[in-house]
Structures are given as C-alpha cells and as structure tokens.
Amino acid sequence: MSIIVKPLVTEKMTSLTEKQNKYGFVVLPAANKIEIKKEIEARYNVNVVAVNTCVYAGKNKTRYTKAGLIKGRTNAFKKAIVTLKEGESIDFYSNI
C-alpha cells in the first residue's frame with residue numbers, strides 16, 4: 001500500500017517549488033518522516049534532504065440552500081513538504 005495519496009499542485013506549492021525546490025504531498029495520517037522519505041526516493045528517483053509534515057483537522061461547514069440548512073465536514077489530512085537535493089526535480093505531468 002502506498003503512503004503517498006496524491007501530490008499537491010497549488011499556487012503556493014508551485015511558488016515554493018520554483019524558489020526553494022520543495023514539493024508537497026498528501027500522505028496517510030499514520031506515515032512518519034522516514035517512511036515518506038523512502039517512498040519519495042523510490043517512486044521518483046530523487047534524493048530527499050528534508051521532510052516536514054503538517055496535520056490538518058477537518059472543519060465544519062454550513063450552507064444555506066432552498067432546501068434548508070446543510071451541515072457537513074471537510075476531511076482531515078496530513079501534508080508532507082519534501083525538500084530535494086539541489087539540481088533535482090520532480091515532474092508531475094510526465095505521464096499525462
């Protein structure tokens with residue numbers, strides 16, 4: 001089973017990639033930094049210098065519609081920001 005759920009491709013992560021060679025991934029909540037580093041190195045054939053993780057809690061959301069009040073909750077997730085060795089990069093769009 002893969003630890004990496006999906007790569008994060010947002011404006012903020014794209015600017016981090018261009019300026020500091022950092023890439024973002026959504027990972028399983030139980031994954032630790034060592035497992036994330038091994039998975040990234042094996043999958044993308046790059047050298048990982050550092051791994052930073054953040055755990056985001058789900059948030060309550062409410063909408064008012066014609067049918068009435070709709071309540072819901074967004075998903076909780078864990079984000080990993082991976083710093084690569086200078087000169088290396090990951091191309092997320094190579095297999096499209």
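The residue among Thr62, Val9, Ala76 whose Cα reaches farthest toward the positive pole of the charge dipole of the chain, with charges on the beta-carbon of Lys, Arg, Asp and Glu, is Thr62.
What is the extension gain from Lys59 to Ala42, computed as 0.36 nm multiplied by their sequence separation minus the C-alpha to C-alpha distance, in nm to one decimal?
Gain in length upon complete extension: 2.8 nm.
For the chain, a crude dipole built from +1 on the beta carbon of Lys and Arg and -1 on the beta carbon of Asp and Glu, taken about the Cα centre, is about 800 debye to the nearest 20. For the pair Ile70 and Ile96, the difference between a 0.36 nm per residue extended length and the Cα-Cα distance amounts to 5.7 nm. The angle between the Cα long axis of helix 33-44 and the main principal axis of the chain comes to about 70°, on a 0 to 90 degree scale. By how many degrees, between 0 and 90 and to the nearest 10, does the Cα long axis of helix 11-20 differ from the longest principal axis of the chain? The angle comes out at about 20 degrees. Classified by the C-alpha gyration tensor, segment 25-73 has a prolate form. Its axis ratio a/c, with a ≥ b ≥ c, is 1.5 or above, and a/b is larger than b/c. What the pair-distance distribution of the chain shows, using all Cα-Cα distances binned every 10 Å from zero, is 14, 42, 24, 12, 7, 1 percent. Its DSSP H runs of at least 4 residues, each contributing -39,500 (n - 2.57), put the calculated 222 nm mean residue ellipticity of the chain at -7000 deg cm²/dmol, to the nearest 500. Model label sites at Ala30 and Val49, defined 7 Å from Cα along the beta-carbon direction, differ in position by 3.3 nm.
Every number in this text was worked out from the coordinates using simple rules, so none of it is lab data. The structure presented is a predicted model; accordingly, all values stated were derived computationally and were not measured. Note: ideal-geometry Cβ built from the backbone for every residue, glycine included; neighbour counts use all protein chains shown.
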